Amino acid sequence: MNKEEILKRMGKAIVEGNKDETEALANEAIKQRLDLNEVIDKGYVPGIEKVGELWEKGEYFLPELITSAECMKGAMRVLQPELEKAQISAKSKGKVVIGTVEGDIHDIGKNLVASMLAANGFQVIDLGADVKLEKFIEKAEAENADFICLSALLTTTMLGQKKVIEMLKEKNLAGRYKVLVGGAPVNQQWADDIGANGYGENAMVAVRITKKLIGE
Amino acid sequence: MIKTIRPKLEFLSKEFIQKIIEEAHEILEKQGVFVENEEALKLFKEAGMRVDEQAQRVYITQQLAEDSLSSSPSIIRLYDRTGEKEFIVGKDHVHFDPGSTAITILDHKTSVERKAVSEDLVKFCRLTDCLEHFDFQSTGIVSSDVPDLISDSYRLYIGLQFSAKPVVTGTFRVEGFKPMHDMLAAVRGGEKNLAEKPLAIFDACPSPPLKWSNLTTQSLIDCARAGIPSELISMGMTGATSPVTIAGTLVQHVAENLSGLVITQLAKKGAPVIFGGSPSSFDMRKGTTPMGAIETMMIDSAYTQIGKYLNLPTHAYMGLSDSKINDSQAGLETGIGAVMAALSGVNVISGPGMMNFESCQSLEKLVVDNEICSMACRAIEGISQRDEPIAKNLFEGFTQETQFLTMPHTRKWYREEHTFPAIIDRDTYDYWVSLGKKSIADRASEEVERLLKENPPSLLDDDILQELRKIMDSDAKACGISSLPEIKL
């Protein structure tokens, strides 16, 4: 298999959500000592972009979208150790700390956003569900993150999103991180009221907004 | 795999059905039925029935009614314009078609009913043609820009041109049958082919109680001989033109339908006939005939059950509303009716698009109702065991992180298990706001425009079209009409 062939098949495997194939191709790229950043940019990324297009067109729904995103993550898991070994840092669009706020155990929406952000080239640190509010800030500080993403499904727990933003202010960290909020009861009005930098009503919009905030 | 059951709605016990049928037979035998058509009276006499020619009243024995029942086919096969697509009318097959013979159309922009013209009828036919859940079209609108004399044949003339679907239609005058039959035969390539592969159903409405007018009787006879299925549309109004109790109306309904069925079988043994109707619960406060009343739907569902018991194909006017605009009432009456009809296993369900007591059609409602029909069709597919085991294997080694979105099982089944409506609102609030806070009627109106723009009309071959024109022109001429409206696409 030549390079062009590998790159083409990578994109196709992502679009089809074929996890085994995406990972096998990642291993093949390593074996052939290909430029791994090129492999990501010209092989996998066009695939995930195509998936985004199919979603926008209404042909792909959540199962296809997220399966493709998971494939992307799978490929990255194979490539990451090689990139580190070669002391090449994988290109990252930015670092995201994400989680569902304290008191809320719903994490399907958060998982979708995390998956899609990772698939679109962001480095995602997923803190899981029912995350203590201080932990978002501690982790963001420790990891030198760019974004804090706060998910909430309940009208009671969405107040946690507001508290995190207040805590950032108290610690003189306002403006240091872009704060994004999401979840079923959340809307743009709420995001504006609490001073969040963005709100995405679904995972694809979340990716679009995050990209916009980094000037892409 | 465990067999999927078809969910079913039934109102009557077997004992109740038998009693209703028994009383219907007794009425036909002892009280008789009015038949204002000489040819039919002759047929009855030849069959040995007691006929009072002066009164045009005929007494039908239970024996003849039962013989007629056993010679009527339990299944009818209809074919679309190409003759390739087959639709089985019978068993528990369900087919929706738009409600027929509206005289007005609801103008979306002004929310006002106005007289319909040819252009509306063309749009209506084209729209019906591209809406997935209507298996049949209907000659649903009377055009006010052609003289009443030819409005029956003219509707069919337009319908055959702009939709390939089988058509539910009917005559408004005795002379209407010939040109309509000629047009159908022209499309099918001859009368024999048409009889083998019917393209149309003709509705025939008795006048309650228990009277067959000259026109409807002739339609029954002509259709039977041409192999065209007749749909018997009994329409008692409880407490006004039929007994006030639901069971009482059912007795009359069965008697009327049976007498119509006997006429078809006397005209031609084995002629296709559909046990149908459009009865209503008469509103004693307003003097109106609400098609959206729950009692109307109960009568429909119950006579359908009786029709099935008699082993006949069935029809009902359900899935329509009495509302004057596309509001909640329009949706709820149509929705309840369509779902009840589907669960009752009505074979031909006429109603979508209709409002205001069967007098008005709405293109927007037609689009909304298509989605209602989609829901009804999904419901009767029932719940299936798709896999063996059902799901326990999906939980093997499950963790707190387990989700189902990325499971191949999800991708395999979600589009089959779940439906995705086009214009029903399932958006988040903000997204809905960003789209302009539109009501379903507004979205439906946009969908009407989109569908008509994106789907070119399925037109007939030129030579058939010429033949249709010739038939229509000569029918018009015979009625003293010199010109027909120009049809613009």
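Under 6 Å between Cβ atoms, which residue pairs at least 6 apart in sequence (or on different chains) link something in the range B:242-255 that is in contact (Cβ under 8 Å) with a residue 40 or more places away in the chain with a partner that is of a type in the set (D, E) and assigned to a helix (DSSP H, G or I)?
Within 6 Å, the pairs are B:V251/B:E23.
Can you tell me which condition B:H108 does not meet? The list is (1) under 29 Å from B:D129 (Cβ atoms); (2) out of contact with any helix residue (DSSP H, G or I) (no Cβ under 6 Å at 6 or more places or on another chain), and all the others hold.
(2)
Looking only at residues that are small (G, A, S) and more than 28 Å from B:D129 (Cβ to Cβ) in the range B:425-449, which one is farthest from the other protein chains (Cβ to nearest Cβ)? So that I can check it myself, show each step before the final result.
Narrowing the range B:425-449 to residues small (G, A, S): B:434, B:436, B:439, B:441, B:444-445.
Checking the rest, the ones that are also more than 28 Å from B:D129 (Cβ to Cβ) come to B:434, B:436.
Values: B:S434: 9, B:G436: 15 Å.
Top of the filtered list is B:G436.
Please note which helices (runs of 4 or more DSSP H) are completely contained in the range B:151-207 and include at least 3 residues that are of a type in the set (A, V, I, L, M, F, W, C) and closer than 23 Å to B:E86 by Cα. Before the answer, list the steps.
Numbers: elements: B:151-162, B:177-188, B:191-196.
Filter on the range B:151-207 gives B:151-162, B:177-188.
Name the single residue, out of those in the range B:413-424 being surrounded by 13 or more Cβ atoms within 10 Å (Cβ to Cβ) and more than 9 Å from every other protein chain (Cβ to nearest Cβ), that is nearest to A:E16 (Cα to Cα).
Among those residues, the one meeting the criterion is B:W413.
Return yes when A:K169 is surrounded by fewer than 23 Cβ atoms within 10 Å (Cβ to Cβ), more than 14 Å from every other protein chain (Cβ to nearest Cβ) and without any contact (Cβ under 8 Å) to a residue 12 or more places away in the chain and no when it is not. Walk me through how you get there before you give the answer.
Working: surrounded by fewer than 23 Cβ atoms within 10 Å (Cβ to Cβ): yes; more than 14 Å from every other protein chain (Cβ to nearest Cβ): yes; without any contact (Cβ under 8 Å) to a residue 12 or more places away in the chain: yes.
The answer is yes for A:K169.
Take the conditions in contact with a helix residue (DSSP H, G or I) (Cβ under 8 Å, 6 or more places away or on another chain) and either more than 14 Å from every other protein chain (Cβ to nearest Cβ) or not basic (K, R) (or both) and apply them to B:P456. Does it pass?
Details: in contact with a helix residue (DSSP H, G or I) (Cβ under 8 Å, 6 or more places away or on another chain): no; either more than 14 Å from every other protein chain (Cβ to nearest Cβ) or not basic (K, R) (or both): yes.
No; evaluated as a whole, the condition is false for this residue.
Looking at the range A:106-134, which of its residues are away from chain B (no Cβ under 14 Å), closer than 22 Å to A:K169 by Cβ and assigned to a loop (DSSP other than H, G, I, E, B)?
A:K132
List every residue pair whose Cβ atoms sit under 6 Å apart, with the two residues 6 or more apart in sequence or on different chains, where the first one lies in the range A:133-147 and is without any contact (Cβ under 8 Å) to a residue 40 or more places away in the chain and the second, anywhere, is buried (at least 18 other Cβ atoms within 10 Å of the Cβ) and assigned to a loop (DSSP other than H, G, I, E, B).
A:L133/A:E102
Hey, can you tell me all the residues within the range B:304-315 that are under 24 Å from B:L332 (Cα atoms) and touching a strand residue (DSSP E or B) at 6+ places or on another chain (Cβ under 6 Å)? Spell out the reasoning first.
The first filter runs over the range B:304-315 and keeps only residues under 24 Å from B:L332 (Cα atoms), leaving B:304-305, B:314-315.
Within the range B:304-315, B:T304, B:T314, B:H315 meet the criteria.
B:G480 versus (1) more than 33 Å from the chain's Cα centre (by Cα); (2) of a type in the set (G, A, S); (3) surrounded by fewer than 12 Cβ atoms within 10 Å (Cβ to Cβ): which is the lone unmet condition?
Looking at each condition in turn, B:G480 falls short on (1).
Given the structure, is A:A191 over 19 Å from B:D430 (Cβ atoms) and within 14 Å of chain B (Cβ to nearest Cβ)? Walk me through how you get there before you give the answer.
Working: over 19 Å from B:D430 (Cβ atoms): no; within 14 Å of chain B (Cβ to nearest Cβ): yes.
Spelling it out, it is not the case that A:A191 is over 19 Å from B:D430 (Cβ atoms) and within 14 Å of chain B (Cβ to nearest Cβ).
So, in the range B:392-412, of the ones that are part of a helix (DSSP H, G or I) and in contact (Cβ under 8 Å) with a residue 12 or more places away in the chain, which residue ends up nearest to the other protein chains (Cβ to nearest Cβ)? Even if it seems obvious, please write down each step before you answer.
First, the residues of the range B:392-412 that are part of a helix (DSSP H, G or I): B:392-395, B:408-412.
Right, trim to in contact (Cβ under 8 Å) with a residue 12 or more places away in the chain and you get B:394, B:409.
Working: B:L394: 14, B:H409: 10 Å.
So, considering only residues that are part of a helix (DSSP H, G or I) and in contact (Cβ under 8 Å) with a residue 12 or more places away in the chain, the one nearest to the other protein chains (Cβ to nearest Cβ) is B:H409.
Could you check, for the range A:95-105, whether at least one of its residues is under 17 Å from A:T67 (Cα atoms), within 14 Å of another protein chain (Cβ to nearest Cβ) and not in a helix (DSSP H, G or I)?
No, every residue in the range A:95-105 fails to be under 17 Å from A:T67 (Cα atoms), within 14 Å of another protein chain (Cβ to nearest Cβ) and not in a helix (DSSP H, G or I).
If A:G182 satisfies every condition in (1) within 14 Å of chain B (Cβ to nearest Cβ); (2) within 18 Å of the chain's Cα centre (by Cα); (3) over 26 Å from A:F61 (Cβ atoms) but one, which is the exception?
Looking at each condition in turn, A:G182 falls short on (3).
Conditions tested, residue by residue: (1) part of a loop (DSSP other than H, G, I, E, B); (2) over 26 Å from the mean Cα position of the chain (by Cα); (3) aliphatic (A, V, I, L, M).
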site: B:E15; (1), (2), (3): no, yes, no
site: B:Q18; (1), (2), (3): no, yes, no
site: B:E39; (1), (2), (3): no, yes, no
site: B:A55; (1), (2), (3): yes, yes, yes
site: B:L69; (1), (2), (3): no, no, yes
site: B:F96; (1), (2), (3): no, no, no
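Output the residues belonging to the range B:374-391 that are assigned to a loop (DSSP other than H, G, I, E, B), within 33 Å of the chain's Cα centre (by Cα) and not charged (D, E, K, R). It would help to see each step written out before you state the result.
Quick first cut of the range B:374-391, residues assigned to a loop (DSSP other than H, G, I, E, B) only: B:382-391.
Right, trim to within 33 Å of the chain's Cα centre (by Cα) and you get B:382-386.
Scanning the range B:374-391 gives B:G382, B:I383, B:S384, B:Q385.
Restricting attention to the range A:1-23, which residues are within 22 Å of B:K412 (Cβ to Cβ) and away from chain B (no Cβ under 14 Å)? Working first, answer last.
So in the range A:1-23, the residues within 22 Å of B:K412 (Cβ to Cβ) come out as A:12-23.
Passing the criteria: A:K12, A:A13, A:E23.
Out of all the residues in the range A:41-83, which are more than 14 Å from chain B (Cβ to nearest Cβ), touching a residue at least 60 places away in the same chain (Cβ under 8 Å) and of a type in the set (A, V, I, L, M)?
Residues satisfying the conditions are A:V45, A:I48, A:A75.
Each value in this text was obtained by applying a stated rule to the coordinates, not by laboratory testing. Not measured: the values here are computed from a predicted model. Glycine gets a Cβ as well: all are built from the backbone with ideal geometry, and neighbour counts include every protein chain shown.
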